[in-house]
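Data first, discussion second: the structure below is written as structure tokens.
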Amino acid sequence: MTVDDGRSGTAARPPEVLKEQAVVDDLYARLDELRARARARLRDVRRSGPSGSPQNRSERDAFATLYEDRLAQLEAVEDRLVFGRLDLADGGDRYVGRIGLSDEAHNSLLTDWRAPAAQAFYRATSAQPDGVLRRRHLVTRGRDVVSVEDEILDLDSIDEHDTTHLSGEGALVAAMAAGRTGRMSDIVATIQAEQDRIIRSPLEGALVVQGGPGTGKTAVALHRAAYLLYAHRRVLERSGVLLVGPSEDFLGYIDQVLPSLGETGVVSTTIGSLLPGVRATAVEGDIAARLKGDLGFARSIARAVRARQRVPREDVRLELDGVPLVIRRGDVEQAIDRARRTRKPHNLARAVFVKDVLKRLATQYAEHVGTDMEPEERAIVLEDLRSHRDVRVTLNLAWFPITPQRLVEDLWVKPHRLAEAAPHLSAEQRAALRREPGAPWTDADVPLLDEAAELLGEDDEASRAQARADAEQRKRDVEYAQQVLSRSDAGALVSAEMLADRFSSGGSTLTTAERAAADRSWTYGHVIVDEAQELSPMAWRMLLRRCPTQSMTIVGDVAQTSSSAGTRSWSAMFSQVLRPGWRLEELTVNYRTPSAIAEAAQRAAVAARLPVSQVTSAREVPESLHVVALVDGEQQLRDLVSDAVARHVRADGTGRVAVLAAPGRVDRLREVLSDPADGVRTPVPDALVVLDVRSSKGLEFDAVVLVEPDELAPSDLYVAMTRPTQQLVLVHSRDLPEGVVPQL
Ligand SMILES: Nc1ncnc2c1ncn2[C@@H]1O[C@H](COP(=O)(O)OP(=O)(O)OP(=O)(O)O)[C@@H](O)[C@H]1O
């Protein structure tokens, strides 16, 4: 049942709406009060000026950050602060919203959507009402209640055949039909039961979520991040959460969602940017991507490292102060063995190797001069040997200190290095990996650079000493934070550990997310991977190094895989890279694509034998699929795109149109459509984009004009066809791929 007069803020609203308006007004009033209080506290803390002891200053800065965070959180929940109400069998009721609010006496006014008490809002059904008599969705615009929508959960209303029951259908339909803005929005008010189960799944272990296009995998992954940060804040606030997406464009598309859920501390990145100091900008060819992504390449990197540890072909003769000395092959061999046995990374084990060879030379020196050297004299000889040119050159050739970048680039630019490291590859395969010196990195290089960094290591004596000092300091900080909390009212907001973190970072400088993003060896408390079907085994190996506990949420669709190194079967991939025990969940309802489009996409995918998941479309949109034969070249295309823009881009700036095509067509299409004289005009600058299909992965638009579908690989076609929320226009001069149009 829906109670709605389509207006807001008028006295003519139905009594139920007005009743809810009064509650909503009270909740916003409480929110305003809390904001004012946080602002006042922040002002007081800032006003206290830069004086005082370092301890005072750090305490003040820590509180300033605390109040800033709190204020940012309270500001972020303005839109749809409250969206639900549960009427309970015990006679009480419970309002559900973006955050939890309580009054001065600590009585709960609003339940955070992530709290256990809110679960029934998403999960209760007539068959399993969980103590709920009625679920009410409040639809608000700004601070006004526009309508309420009720579901009565009693046994009489169970429909035996209803397996795809959608909760809060009116609110859901409105959310699905809304014009797109180019930014993803949260779905907190309309999360469906199958999604909620995934969002609240336990933190431990690897959870894999398979689902066809538009089933909410990205939405669920992001809400799960917010849920986990709420339910396991102590652990995750310190260790951090990492989110890996397919492209920078995709990360830009989703970057509003977590802040709107009050969470800002998640590190978002692509595989190509995961390694600090490296940015992959080039696109890898299919053959090279597959070869580099194979786990066998880990052995090649290990071999490439060992190749930098080698015994000289001949003994090396030199003189120190007129004393003849020999760097013997046998000595070098033994020193290499000793250094390898330490199992330290190459660049660290080098010190052991060098020390060993120098010791042997110093002994030769002593034997030659015929005296037992005093320790001081021996130290001087060792120093002279260390700086002796011939010794330096010989030691470098035998154990070369090297960066990951140099090691990996040498494989691509020096054929003998690759032949030595990857004897399993054919000459043809090696040719596919060949590259010019200085060429930019690709996504497929990054896991290899990470592997190399792991095996090479950095000289971290200084950082170990620092770590010891930091541990001592932290102990003192936590003790101090406990004292501070015992004499302030901030205890409800923050734990002693969290406050100590803020002391240690100078109060405001680096957050956990910033520290984690800059540190290659950081291990996260949880890792979320979107479009996970694209990752190679080597990319998984790199990610698992950052999450040894394997507490991960992995979402993707094996029918959408475009990378030659990705997977079409989760079990085939994860039997190689994950510990057994990972769990699989499926999502089955498509909330994005109108059913006629979804069915056409599915037919084409099945005809191409892609491993498609069966999905039901939640939306019917009349006339959503158009197939247009291109007979009049570029002018006809311009007209079609102009028409789509006119139909879908609205005066309020919402509505997005994309023209999608194979990569080779994109530049020309951009020229044609943006021609200053007769190009397509849009009411807002970024309402129309031209993209190659692979860059559209994970994104969505109101309308999509897909040019020459026949030129796309089947999985790319599947991705492209499932991007629109309202309309798909297939423009073709060549035959259409099989299945797109139903056979008569
Ligand atoms: N419960 C829901 N309520 C409202 N909208 C929803 C819900 N679930 C998903 N959506 C919407 O459906 C659209 C598709 O969701 P999302 O992008 O998360 O799907 P996906 O499975 O990641 O898709 P793809 O694999 O095609 O990239 C988004 O606009 C999302 O906001």
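Kindly write out, for the stretch 671-680 in residue order, the coupling ³J(HN,Hα) from the Karplus curve 6.51 cos²θ - 1.76 cosθ + 1.60 (θ = phi - 60°), rounded to whole Hz, with x marking Gly and Pro.
Working through the residues one at a time gives 4, 4, 7, 9, 3, x, 6, 10, x, 8 Hz.
Order these by the 10 Å Cβ neighbour count, fewest first: Asp643, Asp93. Write out the running numbers ahead of the final one.
Working: Asp643 17, Asp93 14.
Ranking Asp643, Asp93 by Cβ neighbours within 10 Å, fewest first, gives Asp93, Asp643.
Which three extents, in whole angstrom, do the alpha-carbon atoms of the stretch 606-682 cover along their principal axes, largest first?
Over the stretch 606-682, Cα extents along the principal axes are 46, 34, 21 Å.
With labels modelled as points extended 7 Å from the Cα through the Cβ direction, what inter-label distance (nm, one decimal) is found for Glu16 paired with Glu479?
The modelled label-to-label distance comes out at 6.1 nm.
Cα axis of helix 296-306 to longest principal axis of the chain: angle in degrees, 0 to 90, nearest 10?
30
What residue among Thr511, Tyr230, Tyr591 has its Cα farthest toward the positive end of the dipole of the chain, where the charges are +1 on Lys, Arg and -1 on Asp, Glu, each on the Cβ?
My answer, from the dipole projection, is Thr511.
Tell me the relative contact order for the stretch 316-398 as a rounded percent, counting alpha carbon contacts under 8 Å between residues six or more apart.
Reported as a whole number, the value is 30 percent.
Does anyone have the angle between helix 404-413 and the longest principal axis of the chain? Alpha-carbon axes, 0 to 90°, nearest 10?
90
Once you have a ≥ b ≥ c as the square roots of the Cα gyration tensor eigenvalues for the stretch 311-439, tell me rounded if a/c is under 1.5, and otherwise prolate or oblate according to whether a/b is larger than b/c.
Values: a/c = 2.80, a/b = 2.64, b/c = 1.06.
Here the stretch 311-439 falls in the prolate category.
In whole Hz, with x marking every Gly and Pro, tabulate ³J(HN,Hα) for the stretch 89-97 from phi via Karplus 6.51 cos²θ - 1.76 cosθ + 1.60, θ = phi - 60°.
4, 7, x, x, 9, 8, 8, 10, x
Using DSSP to define loop residues, name the GluC sites (Glu not before Pro) in the stretch 308-340 whose beta-carbon has at most 13 other beta-carbon atoms within 10 Å.
Hits after loop and neighbour filter: Glu314.
Distance between the C-alpha centers of the stretch 62-110 and the stretch 593-640? Whole Å please.
With the stretch 62-110 and the stretch 593-640 each reduced to a Cα centre, they are spaced 42 Å.
Just to verify a number: FRET efficiency for Val235 and Arg647, C-beta to C-beta distance, R0 = 51 Å, to 0.05?
That pair, Val235 with Arg647, gives E of 0.55.
Name the residues whose placed amide hydrogens come within less than 5 Å of the amide hydrogen of Asn590, ignoring near sequence neighbours (fewer than 5 apart) on the same chain.
Thr616, Ser617, Ala618
Return the distance in nm (one decimal) between the two label points of a simple spin-label model at Glu428 and Leu397, each offset 7 Å from Cα along Cα→Cβ.
Once both label points are built, they end up 3.8 nm from each other.
Packing-wise, with mean Cβ within 10 Å as the measure, how do 127-136, 702-711, 140-149 rank, highest first?
702-711, 140-149, 127-136
How fast does the stretch 669-725 diffuse by Stokes-Einstein, in µm²/s, taking the Kirkwood radius from C-alpha pairs at 37 °C and 0.692 mPa s? Can you show the working numbers first?
On the way: Rh = 12.5 Å.
Answer, rounded: 263 µm²/s.
I need the calculated FRET efficiency for the pair Thr588 and Glu204, taking r as the beta carbon distance and R₀ as 22 Å, to the nearest 0.05.
Approximately 0.30, to the nearest 0.05.
Could you work out how far apart the two model spin labels at Glu367 and Asp390 are, taking each label as a point 7 Å from the Cα in the direction of the beta carbon, and quote it in nm?
Going from the Glu367 label point to the Asp390 one covers 1.7 nm.
Given an 8 Å cut-off on Cα distances and at least 6 residues of separation, report the relative contact order of the stretch 374-445 as a percent.
21
Rounded to the nearest angstrom and ordered from largest down, what semi-axes does the equivalent ellipsoid of the chain get from its C-alpha gyration tensor (root of 5λ)?
The answer is 55, 38, 22 Å, longest axis first.
If one takes the longest principal axis of the Cα atoms in the chain, at what angle in degrees, from 0 to 90 and to the nearest 10, does the Cα axis of helix 461-486 lie?
It works out to around 40 degrees.
Please state the equivalent ellipsoid semi-axes for the stretch 595-732: what are the square roots of 5 times the Cα gyration tensor eigenvalues, largest first, in whole Å?
Equivalent ellipsoid semi-axes, largest first: 24, 17, 13 Å.
Using the beta-carbon distance between His416 and Glu634 and R0 = 51 Å, what value does 1/(1 + (r/R0)^6) give for FRET efficiency, to the nearest 0.05?
0.50
With charges set only on the Cβ (+1 for Lys and Arg, -1 for Asp and Glu), what does the dipole of the stretch 595-732 come to about its Cα centre, in debye to the nearest 20?
Values: 14 positive and 20 negative charges, 89 e Å.
Dipole of the stretch 595-732, to the nearest 20 debye: 420 debye.
Quick one: which residues, 5 or more positions from Trp441 or on another chain, have an amide H under 5 Å from its amide H? H modelled 1.01 Å from N in the peptide plane, none for Pro or chain starts.
Thr281, Ala282
Counting other beta carbons within 10 Å of each Cβ, put Ser239, Ser569, Ser426 in order, fewest first. Don't skip to the answer; put the middle values down first.
Values: Ser239 19, Ser569 12, Ser426 8.
With the fewest neighbours first, Ser239, Ser569, Ser426 line up as Ser426, Ser569, Ser239.
In percent, what relative contact order does the chain have, based on Cα pairs under 8 Å that are 6 or more apart in sequence?
Details: 1255 pairs, mean separation 112.0, N = 744.
Once normalised by length, the contact order is 15 percent.
Given a cut-off of 30 Å, name the pairs among Lys292/Lys697; Lys359/Lys475; Lys292/Lys344 whose C-alpha atoms lie farther apart than that in the structure shown.
Lys359/Lys475
What's the extension gain from Ala36 to Glu248 if we count 0.36 nm per residue and subtract their Cα-Cα distance?
In short, 72.7 nm is gained.
Tell me the Kirkwood radius of the stretch 15-178: reciprocal of the mean inverse pair distance over distinct alpha-carbon atoms, in Å.
18.1
None of the figures in this text is laboratory data; all of them are computed from the coordinates on show. These numbers come from a predicted model, not from an experiment. Reconstructed Cβ throughout: ideal geometry from the backbone, glycine too, with neighbour counts over all protein chains shown.
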